[in-house]
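Shown next, in structure tokens, is the structure this report addresses.
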Amino acid sequence: MSLILQIETATQVCSAALSNDGQTIAIKELQENNIHASSLTLFVQDVMEQAQVSFSDLDAIAVSKGPGSYTGLRIGVSTVKGFCFALDKPLIAIDTLKMMAQGFMLQYPDYKGLICPMIDARRMEVFTAIYNTDLDYIEEISAKIIDENSFATYLENQDVVFIGNGAEKCRSLITSRQASFSSDNYNSAGNMSKLASVSFENSVFENLAYFEPFYLKDFVLTKPKPRV
């Protein structure tokens with residue numbers, strides 16, 4: 001039995017959920033810019049109250065580890081590490097893109113093609129990977145600049161669904177008949193439940209002192225343009 005608090009902040013979605021043995025039992029989330037710092041702990045309190053459990057009842061705390069927004073990941077991971085230290089609970093880290101693919105399969109369990117989650121990395125770049133329906137990697141996580149030839153090899157003979165906040169901007173470039181796009185929100189802490197439960201059962205925990213988000217790319221601070 002595992003009661004796990006789950007947090008997702010890799011994109012503009014701020015999401016907290018609670019799962020029991022791999023099943024989501026409470027969730028609170030909102031898609032809005034720049035709310036993670038002010039809303040995340042309130043969302044956590046909300047899901048605990050929804051499920052009528054106390055923090056001492058938790059068996060572990062899971063976080064979406066990236067890739068994604070530098071600021072969002074930093075807020076999510078620092079919040080979770082604080083909870084884990086204070087409560088003496090183990091930390092579980094979940095690949096953000098795999099969590100998104102899991103969310104798609106929960107909604108479309110009969111789907112037979114490949115799944116390509118995409119997180120917007122500005123301009124025509126995305127953080128992405130490709131999974132089969134068992135959530136095995138077909139292509140490892142990377143940052144890609146999308147053009148009309150992207151994923152052409154996969155699209156020659158099989159269906160590929162593109163999901164996430166980076167997928168819509170690629171629709172005009174990826175025009176194969178075997179490509180489809182889903183604009184639903186897959187950056188939900190509720191999509192971690194099964195993955196977090198499996199990690200807990202296999203004691204796959206992170207070192208609290210040294211764990212860092214998976215940023216994929218170094219953070220680059222840009223200087224504002226001077227006003228004329």
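Can you pull out every residue in region 156-184 that is among the β-branched types (Val, Ile, Thr), part of a loop (DSSP other than H, G, I, E, B) and over 15 Å from Val126 (Cα atoms)?
Thr175
Aliphatic (A, V, I, L, M), loosely packed, with under 14 Cβ neighbours inside 10 Å and modelled with pLDDT of 95 or more, is that true of Ala62?
no
For region 55-77: of the residues being outside any helix (DSSP H, G or I) and aliphatic (A, V, I, L, M), which is farthest from Ala129 (Cα to Cα)?
Checking each candidate, the answer is Leu58.
Determine if region 137-155 includes at least one residue that is buried (at least 18 other Cβ atoms within 10 Å of the Cβ) and closer than 28 Å to Ala17 by Cα.
Checked region 137-155: at least one residue is buried (at least 18 other Cβ atoms within 10 Å of the Cβ) and closer than 28 Å to Ala17 by Cα.
For region 7-43, what are the residues that are outside any loop (DSSP other than H, G, I, E, B), within 15 Å of Gly72 (Cβ to Cβ) and of a type in the set (S, T, N, Q)?
Hits for region 7-43 are Ser15, Gln31, Ser38, Ser39, Thr41.
Pull up region 9-50, narrow it to residues that are among the aliphatic types (A, V, I, L, M) and over 16 Å from the mean Cα position of the chain (by Cα), then point me to the one that is surrounded by the most Cβ atoms within 10 Å (Cβ to Cβ).
Per the stated criteria, the residue is Val47.
When residues of region 78-92 are filtered for being buried (at least 22 other Cβ atoms within 10 Å of the Cβ) and either outside any helix (DSSP H, G or I) or in contact with an Asp or Glu (Cβ under 7 Å, 6 or more places away or on another chain) (or both), how many remain?
Counting residues in region 78-92 that are buried (at least 22 other Cβ atoms within 10 Å of the Cβ) and either outside any helix (DSSP H, G or I) or in contact with an Asp or Glu (Cβ under 7 Å, 6 or more places away or on another chain) (or both) gives 1.
The values are calculated or read from the model by the stated rules, or taken from the named source; none is laboratory data. Please read these numbers as outputs of a predicted model, since none were measured by experiment. For neighbour counting, all protein chains shown are included, and Cβ atoms are generated from backbone atoms with ideal geometry for every residue, glycine included.
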